[in-house]
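The values are calculated or read from the model by the stated rules, or taken from the named source; none is laboratory data. Please read all numbers here as calculations on a predicted model, not as lab measurements. Note: ideal-geometry Cβ built from the backbone for every residue, glycine included; neighbour counts use all protein chains shown.
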Amino acid sequence: MEMFYIFGFIALLAAIFKIIILYQVVTDSPLTSALNLLVIALIAQNCFEFLGYLTYASDTVFSGYMVDGVLISMYAVGASVVMLVMRVCQISSGKLISSVFAGLAGLLVVLHASGLIVSGYSQVGYTIISEEGPLYALFSLYLLSVVGLALVTLIRSRHSKVREIRDRSRVTLMAIAPLCLVAVGVIGFRAIGFNSSSALAMPFASTLFVWVLMIDERGDYLRFKLKWTVLTKLALRASDIKLSSWNMLIEKMLIEEAMRVCHNNKSEAARLLGLNKTTFHRKAERYAPVPENSTLATANLQVID
């Protein structure tokens, strides 16, 4: 029974981390609103998990209500994921698709309250497993639809003509992959007869998902990627570098990598490194001058600078 408390406190820690992450989102946009809604749904799910596991030994009825809350939160999470993906990828019919999945989530809540999705709960090993109701397959189809739609939309948007959409789609796809893997894994194992639960994996996967999206929304993801790339290159070349030239080499690599990531856009590269435009231009001319025969690059710099 002690494992019940461990699973419960894992869920509680996941909720606390998500609350901290939620306070780190400082921008105000439709995309941020969708992210906030998703984080709130995930926090609710973790809180219900915590209370469900904490009280199962002493009051199975109350614990059952809490586990009901976990599933209802999952319906909301699915609709929130769809809304977020539609806004990340700027799909023209995104509002309609989001409304459809919100309606499906509401329908599942009604069916759940009627006992048609889940008929009860039971202890299997160290976790709580839902007992399938007559319409449980609708819940599985709903989750698979959310996963499929999210992955297909994000993969297609990685080839968008708009660079911002490409970049955000790439980061969101990377963040959502573990979450989708856990959801599909649980559904798959249950389909072949194994009593599977996401009690341990889902809190970690959802917290990672929210954290990656938060640092991307704040603009920190590119900075993190930039520094990691430079550190990796330095580690590979460490034996060939003189100690006296390390500072200059690091600065040169940061400038070059920033220019590469920002497609030779000096204004964006300066913001990425936190330098003022004049300082960055001087350093860029020294370390990473744009080739004179690059018509496209020259035209871009004329427009931007």
- Positions within segment 203-225 being modelled with pLDDT under 65, in a helix (DSSP H, G or I) and charged (D, E, K, R), in sequence order: GLU217, ASP220, ARG223, LYS225
- Query: What do you reckon, is SER98 buried (at least 18 other Cβ atoms within 10 Å of the Cβ), in a helix (DSSP H, G or I) and not aliphatic (A, V, I, L, M)?
  - Reply: yes
- Does segment 269-281 include one or more residues that are small (Gly, Ala, Ser), modelled with pLDDT of 70 or more, more than 30 Å from LEU181 (Cβ to Cβ) and not in a loop (DSSP other than H, G, I, E, B)? yes
- Message: Give all pairs with beta carbons closer than 8 Å in which a residue from segment 175-196 that is closer than 15 Å to GLU131 by Cβ and modelled with pLDDT under 80 meets a residue that is charged (D, E, K, R) and crowded, with 17+ Cβ neighbours inside 10 Å; count only pairs at least 6 apart in sequence or on separate chains.
- Response: SER196/ARG190
- So is LEU107 over 19 Å from the mean Cα position of the chain (by Cα), farther than 30 Å from ARG170 by Cβ and without any contact (Cβ under 8 Å) to a residue 12 or more places away in the chain or not? yes
- Query: Can you pull out the residues in segment 37-59 that are free of Cβ contacts under 8 Å to residues at least 12 places away in the same chain and in a helix (DSSP H, G or I)?
  - Reply: THR55
- Please indicate, with yes or no, whether at least one residue in segment 37-53 is among the polar types (S, T, N, Q) and surrounded by fewer than 21 Cβ atoms within 10 Å (Cβ to Cβ). no
- When segment 146-173 is checked residue by residue, the ones that are surrounded by 15 or more Cβ atoms within 10 Å (Cβ to Cβ) and either outside the structural domain of ALA201 (by TED's automatic domain parsing) or under 19 Å from MET202 (Cβ atoms) (or both) are VAL146, VAL147, ALA150, LEU151, THR172, LEU173
- Checked segment 124-142 for anything more than 29 Å from the chain's Cα centre (by Cα) and modelled with pLDDT under 80; matches are VAL124, GLY125
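Residues are listed down the side, and each one gets a yes or a no for (1) farther than 17 Å from LEU35 by Cβ; (2) touching a Ser or Thr at 6+ places or on another chain (Cβ under 6 Å); (3) not assigned by TED's automatic domain parsing to the domain that holds ARG166:
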{"residue": "GLY52", "(1), (2), (3)": "yes, yes, no"}
{"residue": "PHE62", "(1), (2), (3)": "yes, yes, no"}
{"residue": "LEU71", "(1), (2), (3)": "yes, no, no"}
{"residue": "ALA79", "(1), (2), (3)": "no, no, no"}
{"residue": "SER92", "(1), (2), (3)": "yes, no, no"}
{"residue": "LYS95", "(1), (2), (3)": "no, no, no"}
{"residue": "LEU104", "(1), (2), (3)": "yes, no, no"}
{"residue": "SER114", "(1), (2), (3)": "yes, no, no"}
{"residue": "SER119", "(1), (2), (3)": "yes, no, no"}
- Query: Quick one: is GLY78 at pLDDT 90 or above, closer than 23 Å to ALA11 by Cα and of a type outside the set (Val, Ile, Thr)?
  - Reply: yes
